[in-house]
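Below is one structure, written out as structure tokens; the observations come after it.
Taken together, the values in this text are just the output of simple stated rules run on the coordinates, not laboratory data. What you see is a predicted model, and the numbers here were worked out from it, not measured in a lab. As a convention, Cβ positions derive from the backbone with ideal geometry for all residues, glycine included, and neighbour counts pool all protein chains shown.
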Amino acid sequence: MDYRLAVLFTVIAPLILLFWAFLQKIDAIQRLLVIYWRVSSLLVITLYLMIAAFPISFITSILARILIVVSLWFWVDLNEELEDLQPSLLKLSFTSWRWAVSVYNGLGALLFIPFLRCAFLDTNGLISDQTCRIWLDTPWMYKEMFHPNLTPQFLGFFGLSGLVVYLICFGYFVVVKLGRQGRSATGH
């Protein structure tokens, strides 16, 4: 059920909202959703790490949830712009989604804490442990549906490569951009 909710809250709804904000030309919602997509790409990376049964995927999973919540509320300038928007169905829908995805990811991170122990098992231990393996079943079904001819190791390499790029970009943001811009998404 968690994966189904994740697809609804973290993929379908934000895609619809981004398209809608683009059509309505509401810059604050567009910018926040672009930031959301950058941050939430860690969920896709986690999916590919889980396909290869890499234990680090349990750490990236909880970090993704935490970072998504932070990214949606961190920006002072965007929060002010969103408050100043005229009431509309898009603003109501976006605000509802923002709260819903924040609660979903916040609760999901808390409920995932007991599974962090899976991050400290080797791959064989991860696969043989029933409480850890249950988290791998859906990514393995995803692999069979979308990548049936690729090996889990190749997809895991793809996930690890994505993680390295993600960490470099995140490190640049924390060390350079955050120091310059503070909590302003636009840098002003």
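Things worth noting here:
- Mean Cα-pair separation over length for the chain, i.e. relative contact order, pairs under 8 Å, 6 or more apart, %: 32
- Spin-label model distance (nm) - Val165 vs Ile113, 7 Å beyond Cα toward Cβ: 3.4
- Lysines whose Cα lies under 27 Å from that of Lys177, excluding same-chain neighbours fewer than 8 positions away: Lys25
- Size of charge dipole - the chain - debye, nearest 20, with Cβ of Lys, Arg +1 and Asp, Glu -1, no other charges: 160
- Computed on the Cα atoms alone, the convex hull of the chain gives a volume of 123 cubic angstrom per residue.
- Think of it this way: in the chain, Cys169 stand alone, with no other Cys Cβ under 4.7 Å.
- Stretchable slack from Gln181 to Trp99, in nm (0.36 nm times residue separation minus alpha-carbon distance): 27.0 nm
- Per residue, the chain reaches -24500 deg cm²/dmol at 222 nm when only DSSP H runs of four or more residues are counted, each adding -39500 (n - 2.57).
- Convex hull of alpha carbon positions in the range 141-188: directionally averaged projected area 4.7 nm².
- Label point of Ile134 set 7 angstrom out along Cα-Cβ; within the range 1-43, amide nitrogens under 19 Å from it belong to 1-7.
- Extension gain for Met141 to Ile59 (0.36 nm times residue separation, less C-alpha to C-alpha distance): 27.4 nm.
- Among residues other than Glu81 with Cβ under 15 Å from its Cβ, the summed charge is 0 (Lys and Arg +1, Asp and Glu -1).
- Charge dipole of the chain about the Cα centre (unit charges at C-beta), most positive-ward option of Val44, Ile168, Phe154: Ile168
- Structural size metrics of the range 59-109, computed from C-alpha coordinates, are Rg and Dmax of 12.3, 40 Å.
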